[in-house]
Amino acid sequence: MDVILLMAMTLDGKIARGHTELVNWTGKRDKQYFVKVTRKAGVVVMGSRTFDTIGYPLPGRKNIVMTRDKTRKSDDKNLVFTDQTPKQIVEDLQASGFDQVAIIGGSVVNSLFAKSNLITRIHVTLVPAVFGQGLSLFNTDLDLSLEYVASREIEAGHLLLMYKVIYHER
Ligand SMILES: NC(=O)c1ccc[n+]([C@@H]2O[C@H](COP(=O)([O-])OP(=O)(O)OC[C@H]3O[C@@H](n4cnc5c(N)ncnc54)[C@H](OP(=O)(O)O)[C@@H]3O)[C@@H](O)[C@H]2O)c1
């Protein structure tokens, strides 16, 4: 299963100034790239804070929202609230025929997937901004080895950086 972490990040490694800030500081090309990759995958996984910040399910994609709040329910088949582990989520998606999933934040959910050694690729758009403080790409101790794949300037000063995660046999 290809599990791609897709994020926009400032030069100082921040993905937001706070837990409920809308991501409105990236460029048009990053948004287009996000739509392209997530539509191709067909499914996105996010944390409940990210979902609440966006405010609606992303159209044309299955939206899986991680929450431990059992009162959160949906009648929309493309919007699923779950307290499953990242491993269970990935296994269920695989069983239902998906071969790619995009992890789209925030810091908490990125960390849950990284800690579970499930992320296979990381695509980060480095935005020419510095927040100084705020939420980092991850919020826990990790030791991921990455292999550089490619990079390109998708619009003036915005660098799309692509890495593969290397897992060594233990
Ligand atoms: N720059 C970017 O590309 C980018 C991308 C995405 C998001 N963001 C930003 O990131 C911020 C939100 O990130 P965040 O780290 O605060 O929150 P988050 O990862 O979006 O969501 C965290 C929530 O996930 C739920 N959760 C935590 N552990 C869980 C578990 N084991 N199982 C199930 N659910 C679990 C909890 O919600 P409950 O209380 O509901 O249980 C928790 O509050 C927003 O400002 C957003 O705009 C930025």
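The values are calculated or read from the model by the stated rules, or taken from the named source; none is laboratory data. Nothing here was measured: the structure is a model prediction, and the numbers come from that model. A quick note on method: Cβ atoms are made from the backbone with ideal geometry, for glycine too, and the neighbour counts reach across all protein chains shown.
Here is how the numbers come out for the structure above:
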{"read-out": "Flag for residue 2 being surrounded by fewer than 21 Cβ atoms within 10 Å (Cβ to Cβ) and more than 15 Å from the chain's Cα centre (by Cα)", "value": "no"}
{"read-out": "Among (1) under 17 Å from the mean Cα position of the chain (by Cα); (2) among the small types (Gly, Ala, Ser); (3) more than 18 Å from residue 62 (Cβ to Cβ); (4) in a loop (DSSP other than H, G, I, E, B), the one test that residue 111 misses", "value": "(4)"}
{"read-out": "Per-region count, the stretch 15-29, residues surrounded by 21 or more Cβ atoms within 10 Å (Cβ to Cβ) and not β-branched (Val, Ile, Thr)", "value": "1"}
{"read-out": "In the stretch 88-111, the residues that are within 14 Å of the ligand (Cβ to nearest atom) and either surrounded by 20 or more Cβ atoms within 10 Å (Cβ to Cβ) or modelled with pLDDT under 95 (or both)", "value": "89, 90, 102, 103, 104, 105, 106, 107, 109, 110"}
{"read-out": "Check on residue 167, among the aromatic types (Phe, Trp, Tyr), under 29 Å from residue 29 (Cα atoms) and out of contact with any helix residue (DSSP H, G or I) (no Cβ under 9 Å at 6 or more places or on another chain)", "value": "no"}
{"read-out": "Filtered residue count, the stretch 118-150, keeping only those that are touching a strand residue (DSSP E or B) at 6+ places or on another chain (Cβ under 9 Å), polar (S, T, N, Q) and loosely packed, with under 14 Cβ neighbours inside 10 Å", "value": "2"}
{"read-out": "Matching option when the condition is within 24 Å of residue 154 (Cα to Cα) and either within 12 Å of the ligand (Cβ to nearest atom) or loosely packed, with under 14 Cβ neighbours inside 10 Å (or both), among 12, 69, 83, 76", "value": "12"}
{"read-out": "Subset of the stretch 33-57 that is in contact with a strand residue (DSSP E or B) (Cβ under 7 Å, 6 or more places away or on another chain) and of a type in the set (S, T, N, Q) - its residue that is farthest from the ligand (Cβ to nearest atom)", "value": "38"}
{"read-out": "Test: residue in the stretch 79-92 that is of a type in the set (S, T, N, Q) and either closer than 25 Å to residue 149 by Cα or touching a Pro at 6+ places or on another chain (Cβ under 6 Å) (or both)", "value": "no"}
{"read-out": "Residue within the stretch 89-104 that is closer than 22 Å to residue 124 by Cα, touching a residue at least 24 places away in the same chain (Cβ under 8 Å), among the small types (Gly, Ala, Ser) and part of a loop (DSSP other than H, G, I, E, B) present", "value": "no"}
